[in-house]
1. Based on what the data block shows, is Thr43 at pLDDT 95 or above, buried (at least 20 other Cβ atoms within 10 Å of the Cβ), among the polar types (S, T, N, Q) and closer than 29 Å to Asn196 by Cα?
2. So Thr203 ticks every box in (1) open to solvent by less than 20 Å² (accessible area, probe 1.4 Å); (2) touching a strand residue (DSSP E or B) at 6+ places or on another chain (Cβ under 9 Å) but one. Which box is left unticked?
3. Look through Asp425, Asp379 and report the one residue that is in a loop (DSSP other than H, G, I, E, B) and not assigned by the TED database to the domain that holds Gly133.
4. Please determine, by comparing only the residues of the stretch 712-730 that are among the polar types (S, T, N, Q) and either in a loop (DSSP other than H, G, I, E, B) or at pLDDT below 95 (or both), which one is nearest to the chain's Cα centre (by Cα).
5. Which members of the stretch 451-482 meet the condition of being among the basic types (Lys, Arg) and surrounded by 14 or more Cβ atoms within 10 Å (Cβ to Cβ)?
6. So, in the stretch 140-176, exactly how many residues are in contact with a strand residue (DSSP E or B) (Cβ under 6 Å, 6 or more places away or on another chain) and open to solvent by less than 10 Å² (accessible area, probe 1.4 Å)?
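The values are calculated or read from the model by the stated rules, or taken from the named source; none is laboratory data. In this text, all values refer to a predicted model and were calculated from it rather than measured experimentally. Cβ placement follows ideal geometry from the backbone for every residue including glycine, while neighbour counts extend to all protein chains displayed. Note: areas computed on protein heavy atoms with side chains; ligands, DNA, RNA excluded. Shrake-Rupley method; radii C 1.70, N 1.55, O 1.52, S 1.80 Å.
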Amino acid sequence: MLSGEMKGLLLWSSLLCALIMAVGGTSSYNVHRGLSYRAILDTDVDTDDLFALLYLLKSNRSEFNLQAVTINTNSWTNAGHAVNQIYDILYMMGRDDIDVGVGGDGGILENGTIQPNVGGYLPIIDQGRGTAGPCRYRQAIPVRLDVDTNMGIRRSFLPQGNRRYSPLRQPTAQQVLIKTVSEGPVIVFMTGAHTNMAIFLMTNPDLKKNINHIYIMGGGVRSKNPTGCCPKNASSTCQPQQCGDHGNMFTAFRSNPYAEFNLFGDPFAAYQVFHSGIPITLVPLDATNTIPITREFFEAFEKNQRTYEAQYVFKSLKIDRDTWFDDQFYTSYFMWDSFMVGVAASAMRNIRDEENEFAEMEYMNITVITSNGPYGIPDSSNAFFGDRKIPKFNLKKNGVHSGHVQIGIQDPFCFRGNATGICKDGYTEEVTGPDSVRVRVATRAKPNVDESSTLDREYYANFLDVLNRPQYKGRFNFTTEFPYYKEVLYKPDFKGKKLGKIVVFDMDMSAGDFLALFYLLKVPVEELNLKAILVTGSGWANVATIDVVYDLLHMMGRDDITVGLGDSFAVNQSYSKVGPIVGDCKYSKAIPHGSGGRLDSDTLYGLARDLPRSPRGENKKLQKLLKSREVSTHHKKKKKTKKKKKQISEILTGKTDNFGWYEGSVVIELSSLLGLKICRYTAQNSVKFGAPRDTDFPQLRQPLALEVWRSLVKSIDDGSKITILTNGPLTNLANILLSESNASSIIQEVFILGGHINYKKNQEKGNVINVPSNKYAELNMFLDTLAAKTVFESSLDITLIPLHAQRKVYALPKIIKMLQAKNMTHEAVFTRRLLTRLHHLHQRHHLYRHVDMFAGEILGAVILAGDQKLLNSTFEIKHLKVYTKGQLSRDGEVIFDKKKKKEFKVLQGFNHVSCYNIFSSGLLRQKQSAVIGSFGEQKRRWSSPAA
């Protein structure tokens, strides 16, 4: 028998245990019910992700409070543009306290060791030591221009705060995840590919306990795609597209009809998240397919925009609708990510009874398919296995990850004759057995309890209510932040000047290209008349960086220069069956996505946001005019009549608001005068150019490179010719030659910065970073070898400025030293800052060991416009051709042509000190200097009436 003392101890022990359990239960209850949830959003920053983010920011903070945003970088957006858009949204909403993580440059070693700060630019299966690599899943995503710019709305609406991306200072995704989860229990919302979270869970198993729940938008379990179906009364020629598929990948459904975009972005990562043991709620296509953006919802939203955030979301929806590829927007655009956060918010409010206000819920046993059977057979597509004796991460040799892994949207393995594609990578399949995971799944959206409402889903009304709440509302937009905001268009007056040779600058928007552009704009117009700029996305920067070009032109008072948008893919790298919106990255994979690569190019190494903002082209008077009448954009040149001059003057000076009777040519002239066609990228479009419909302002449409070229050719005087300087891949020039039969006759000469001539005695290597097998090619030739071949085989008069010449002006400190004067021009100050940043990065970190090459890109501009006697430049005539046989180890080499078919004028020598002097003195010259120095100067002007 127990003594009384022992019984007392047992009683106290029982009471203590009960108390501990009660406290623990209360603590758990508070985490789930009583106190605010701490939340993380992991997002790919697509348009619908922005809707979800704003919904979260407007939600009651006593229920949950967003602590951090991490950006998924291998899906719908590019990192540099995405991170700054997130910063701007948070600034508008007064939430600069929220941490933002993006990228990271760590890799995964061959033995499976995961280094710190893996950036997620590549799916886990393709992760190596850096951020360059193939695009097996990413190529399913269309060109990201419209997502990176939010269809051109982002920079016209969102205010710009002080936070920005900055090289080596930007918090990475993994750093932010570790910091936020370490501080206590969190919930996680996931609206993109799962790379960030999977890497976090694989490397921080001790922190997994702090993640209470993960809410995921993605996958399709029992879903049947409602889009791409033939109407009931359709003819027999109608061929259904995705109709009835589990997935929604409209670019890849022929090879993989099962996957949804988010989980297809990194199936192995999704598998790790689903199988982590953390409770998961999934909002798949099953549910989102039942909540489209209906006409009734759209019209209700149009009438209900009482906050800046509601306005931003509606503007985004409207331009999406207006540019939708067919007439089925209201039945094929769904509330994807925004519906997930609504379902999650309801689930957290009703965690005990598991009732959800917005969706019907069901538990299912599912898994994520990461490879295709048969399993256990060696397959070069699967980097986890291949010829390895020990599979990466010690995966099971005959397990579910050991089959064929889809290598692209046109993977031959995935096709079986004319039948439906067989690949299932990324499919959330309902299964039984040890590989299944029990997940709570939303199966469909609930109807509105108010049967009299035109909004037939309960969530429609809630979404509009939350976005329009006065609590936590946005403070201002880009224009209303400043009491004296106004748009000013800068155009030079060249009256009485005899202009120099007509020049077109073709650039891939690397840092060096912007240095060259500054110099070209400082060359006296009597010597060089820069008429147009063509940009391409097949090189160092993504095409959305075109807005940085517009800003630089505005700074220099040259809003008159037209900018043409080129292709995002090298010649023959886009998939013709799908269209020019998707393609392969056979050559462009040499460019890193992270530090020292596109992340830095897209942000101009963190300095782009210091440039003044180009006009947004949203003059309200002219918009009213454009809406008041249909105007043809084609007209012949003719002298202004007195009547027309008077009409233009009245509109510009605000003397009239009655625009309906003005001549169409007046409207066109005003469009030009106010910069409506040249001041920024927009997704506005026109039937005239192949769009399914005219948007509100088709005059704002971004012209393509070929259109700019054709317009320039028509505008110049008879007998005049054009000189071209190319500073990137030759994609644009090749397309001009292939499309315009008379192009060679109108081009005076071409200066090509690029190519590396492999002399027999010269063992100097090329600069194709990240393709070690290719020793002697230069990047501009390598990035589009077929374009280079087209140009090299043309009849053009070509001056080649090869890599060995460029390397003579790589000395960043020397240029920086020369860019000093008492009265520095704004352009010289900015250039010096950029060069100094490149130099410091080059000195500090191995990922920037190549950035001195960008100094070499000034050479083409200096040779084109500089004093050849002062430069002491020498040239040799050589017969050359480009190696283009599809062999990565040699493609892009410039070799001697034994048949001597084509002569090139090749720069051999020059005085590099004179080159530095010419460049620096040009930027320091006071003439043709910047008319407005920075965004900071603009803000000061817009904040004061005196300015």
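1. Values: at pLDDT 95 or above: yes; buried (at least 20 other Cβ atoms within 10 Å of the Cβ): yes; among the polar types (S, T, N, Q): yes; closer than 29 Å to Asn196 by Cα: yes.
Against the criterion (at pLDDT 95 or above, buried (at least 20 other Cβ atoms within 10 Å of the Cβ), among the polar types (S, T, N, Q) and closer than 29 Å to Asn196 by Cα), Thr43 qualifies.
2. With (1) open to solvent by less than 20 Å² (accessible area, probe 1.4 Å); (2) touching a strand residue (DSSP E or B) at 6+ places or on another chain (Cβ under 9 Å) applied to Thr203, the lone miss is (1).
3. Asp379
4. Across the stretch 712-730, the extreme among qualifying residues is Asn727.
5. Arg457, Arg469, Lys473
6. Here the count works out to 2.
Let's see how each residue does on (1) more than 20 Å from Lys927 (Cβ to Cβ); (2) within 24 Å of the chain's Cα centre (by Cα); (3) modelled with pLDDT of 95 or more; (4) open to solvent by less than 10 Å² (accessible area, probe 1.4 Å):
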{"site": "Lys491", "(1), (2), (3), (4)": "no, no, no, no"}
{"site": "Asp506", "(1), (2), (3), (4)": "yes, yes, yes, yes"}
{"site": "Tyr519", "(1), (2), (3), (4)": "no, no, yes, no"}
{"site": "Leu528", "(1), (2), (3), (4)": "no, no, yes, yes"}
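Residues are listed down the side, and each one gets a yes or a no for (1) farther than 30 Å from Thr180 by Cα; (2) crowded, with 17+ Cβ neighbours inside 10 Å:
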{"position": "Ile214", "(1), (2)": "no, yes"}
{"position": "Gly218", "(1), (2)": "no, yes"}
{"position": "Arg222", "(1), (2)": "yes, no"}
{"position": "Ser236", "(1), (2)": "yes, no"}
{"position": "Gln241", "(1), (2)": "yes, no"}
{"position": "Thr251", "(1), (2)": "yes, yes"}
